[in-house]
Amino acid sequence: MSSTVILDNGSFNIKVGYNTADVKDIKKVQNTICRTKDKKLLISNQIHNVNDISGITFKRPIEKGNLVSWEVEKQIWDYAFTSRDVDLDVDPSDTHLILGETPFTLPQLSINTDQIIFEEYGFQSLYRNPMAGFIPWNYGKNETLYEPKIENDISGIKNYADFQLVIDSGFNATWIIPIIRGVVYWRGVRKFEIGGRFLSGVLREYVSFRHYNVTDETILVNNIKEKSCFVSLDYNESLKMIKQNKNNKDHIIEYVLPDFNTTTQGYVLTPELKQKYKPQEQQILRLYDERFSVPETIFHPEIVNVNNKPGLVETIMDSIYTLPELIRPLIVSNIIVIGGNFEMENFEKRLSNELKIVLPVEWDVRIGKPSNPTTYGWESAKVFSENESYRNVRVSKQDYEEHGSQWCQQRFGFQL
C-alpha cells in the first residue's frame, strides 16, 4: 500500500515525515551543507557531530524564499530520505508527496521542482502548497488555541475553516497569508522581509560591537538568539528598567560561551549552574537590552536604520485591507501564528496588543499560537492528507507525463 510523505521545505530546517507518524516523531533536517575550518564538507545534520562550531561556512539552497540550487537541495533530500541519521527510508516509487513551498515561488523554479520530483525521484503523486495553506484544515485544533476562548460549535464544519489569517515568521521572511474557503487569497498575501536570519545578523552586530567579535560565529549567535531573546510588551518601559537597575534579573542574563570542553554550544547561566562551576572557569557574555532590542526590529525596523520598510503591524494591516470589507472582521478573529520566530516569548501577545490599537474597536482580535509553531504547518498538512479532498487535487505521475511540465504550475501556481 502506498504511503504519503509530508515535506515542509523550510529555508532553515526541513520538517519531514510520513503522514501516519505522530507529530513528535517529525524529523528535522537542516537545509544546508557546510564546510568546517579544516575543509570538511558536511551535509545537513552531520553538523551536530562537530565539536568546534567556530568559523563554519554555509551554503543554503533556498535564497530569499526561492529554491535556486537543486544541486545542493538534492543532496540534502537524499540525506533526509536515505540516511541512517534521519531513519526515514523513503521509497519514492511507492510514495505520494505533499510539499510545502514558499508563496510566490517563481514559476520556472516551481517547474524545476516538479521535474526533479517526478523525473529524478519518481514520486507517485505531488501536491504542493504554502504550509500556511494547510492551517484551516486543522480547525478543531485551531479553536483550542485562541485567547480568549469562545465556545463555538464546530461539529458542523466538514473540511476547513472558511476564513483564516496565517502569519508565518520563518528564517528568510515573515509571510502574511489570508485564506478564504480553504484557498489562499493571493491578492492579499504580503511579505515582510524580516525573519530569523535578519535577527541573527542584528544580534551579531550588537555583540561584536559591545562585547566579543562573533562575526564568524553563525551557529553560536543563532543559539544565543534562540535561548536569550524575547519580545518586550513595552519596549520603552523595558529600556527604563535596564537603565535604572543594571542587575534586573528579568532582562539581564549571563550566557556562557563554548569552551569546546564542557560545552560546544554555550548555555544560559542559571543560579544552579553558578554553584556548580567557578566563575573563572567560564567566559561570560552578559546580555542587556540586546535581548529585546533585536526582536523589536520586527515592529520598528527603523531601530537598525531600515527606514524604507514598514513594520510587521503595518504589513498585516495592508494585507487585511485588500480583503472584501465584509470578511475583514472575520479574518482578524481567526489568526494563527506559525514559524520559528514565534518561539520567542511574548511575540504573539505583543502582536495582539499592537493590532488592537490600530484596528476598529468593535473587531475581536484573536491570535492562536500552537505549542510548537515550527511543526504546526506539518501537523495541519497531516490533517489535510487524511481528507478526501487531498486525493482529488493531487497530480499523479501519470498526469504529469501526459500533460507536461506546465500542468503542475497550472494546478498549484499562484493566481493574482
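The values are calculated or read from the model by the stated rules, or taken from the named source; none is laboratory data. Small disclaimer: the values here were computed from a predicted structure and weren't measured. Cβ sites come from the backbone with ideal geometry, for glycine too, and all protein chains shown count toward neighbours. We work out accessible area using only protein heavy atoms, side chains counted, and drop any ligands, DNA or RNA first. Shrake-Rupley method; radii C 1.70, N 1.55, O 1.52, S 1.80 Å.
Determine, yes or no, whether ASP168 is of a type in the set (D, E, K, R) and without any contact (Cβ under 8 Å) to a residue 40 or more places away in the chain. Can you show your working first?
Numbers: of a type in the set (D, E, K, R): yes; without any contact (Cβ under 8 Å) to a residue 40 or more places away in the chain: no.
In short, no.
Condition (residue is farther than 26 Å from SER385 by Cα and not assigned by the TED database to the domain that holds LEU257) applied to segment 22-30: is it met by at least one residue?
Initial filter on segment 22-30 (farther than 26 Å from SER385 by Cα): none.
Scanning segment 22-30 turns up no residue that is farther than 26 Å from SER385 by Cα and not assigned by the TED database to the domain that holds LEU257.
Could you pull out the residue among GLU362, GLU401 that is farther than 18 Å from ALA132 by Cα, of a type in the set (Asp, Glu), open to solvent by 40 Å² or more (accessible area, probe 1.4 Å) and not in a loop (DSSP other than H, G, I, E, B)? Full working, then the answer.
Details: GLU362 fails: not in a loop (DSSP other than H, G, I, E, B).
Selected residue: GLU401, the only one of GLU362, GLU401 that is farther than 18 Å from ALA132 by Cα, of a type in the set (Asp, Glu), open to solvent by 40 Å² or more (accessible area, probe 1.4 Å) and not in a loop (DSSP other than H, G, I, E, B).
Provide a single number: the residues in segment 81-107 that are under 20 Å from ASN129 (Cα atoms) and among the hydrophobic types (A, V, I, L, M, F, W, C). Lay out the reasoning, then the answer.
As a first pass, look at segment 81-107 and keep what is under 20 Å from ASN129 (Cα atoms): 92, 95-107.
When the remaining residues are screened for being among the hydrophobic types (A, V, I, L, M, F, W, C), the result is 97-99, 104, 106.
Here the count works out to 5.
Within segment 302-310, is even one residue under 20 Å from the mean Cα position of the chain (by Cα) and without any contact (Cβ under 8 Å) to a residue 60 or more places away in the chain? Full working, then the answer.
Residues of segment 302-310 that are under 20 Å from the mean Cα position of the chain (by Cα), as a first pass: none.
No, segment 302-310 contains no residue that is under 20 Å from the mean Cα position of the chain (by Cα) and without any contact (Cβ under 8 Å) to a residue 60 or more places away in the chain.
Which residues, counting only those in segment 230-262, are β-branched (Val, Ile, Thr), modelled with pLDDT of 85 or more and open to solvent by 20 Å² or more (accessible area, probe 1.4 Å)?
The answer is ILE253, and nothing else.
Against the conditions (1) out of contact with any Gly (no Cβ under 8 Å at 6 or more places or on another chain); (2) farther than 24 Å from LEU145 by Cα; (3) hydroxyl-bearing (Ser, Thr, Tyr); (4) outside any helix (DSSP H, G or I), where does THR322 fall short? Just the number, please.
Evaluating THR322 over (1) out of contact with any Gly (no Cβ under 8 Å at 6 or more places or on another chain); (2) farther than 24 Å from LEU145 by Cα; (3) hydroxyl-bearing (Ser, Thr, Tyr); (4) outside any helix (DSSP H, G or I) leaves (1) as the failure.
Take the residues in segment 135-154 that are out of contact with any strand residue (DSSP E or B) (no Cβ under 9 Å at 6 or more places or on another chain) and among the β-branched types (Val, Ile, Thr); name whichever of them is modelled with the highest pLDDT.
Across segment 135-154, the extreme among qualifying residues is ILE150.
Of the residues ILE43, ILE53, only one is at pLDDT below 95, open to solvent by 30 Å² or more (accessible area, probe 1.4 Å), more than 21 Å from PHE134 (Cβ to Cβ) and touching a helix residue (DSSP H, G or I) at 6+ places or on another chain (Cβ under 6 Å); which? Working first, answer last.
On the way: ILE53 fails: open to solvent by 30 Å² or more (accessible area, probe 1.4 Å).
Going through ILE43, ILE53 in turn, just one is at pLDDT below 95, open to solvent by 30 Å² or more (accessible area, probe 1.4 Å), more than 21 Å from PHE134 (Cβ to Cβ) and touching a helix residue (DSSP H, G or I) at 6+ places or on another chain (Cβ under 6 Å): ILE43.
Which condition does GLU348 not pass, out of (1) open to solvent by 10 Å² or more (accessible area, probe 1.4 Å); (2) within 30 Å of LEU7 (Cβ to Cβ); (3) in a loop (DSSP other than H, G, I, E, B), if it passes all the others?
So GLU348 meets the others, but not (3).
Could you check, for segment 9-26, whether at least one of its residues is open to solvent by 60 Å² or more (accessible area, probe 1.4 Å) and over 18 Å from ILE98 (Cβ atoms)? Lay out the reasoning, then the answer.
As a first pass, look at segment 9-26 and keep what is open to solvent by 60 Å² or more (accessible area, probe 1.4 Å): 20, 22, 24-25.
Checking the rest, the ones that are also over 18 Å from ILE98 (Cβ atoms) come to 24.
The answer is yes; a qualifying residue exists.
Looking only at segment 117-146, how many residues end up being closer than 20 Å to SER2 by Cα and open to solvent by 10 Å² or more (accessible area, probe 1.4 Å)?
Step one: list which residues in segment 117-146 are closer than 20 Å to SER2 by Cα, which gives 117-128.
So of that shortlist, the ones also open to solvent by 10 Å² or more (accessible area, probe 1.4 Å) come out as 119-122, 124, 127.
Qualifying residue count for the region: 6.
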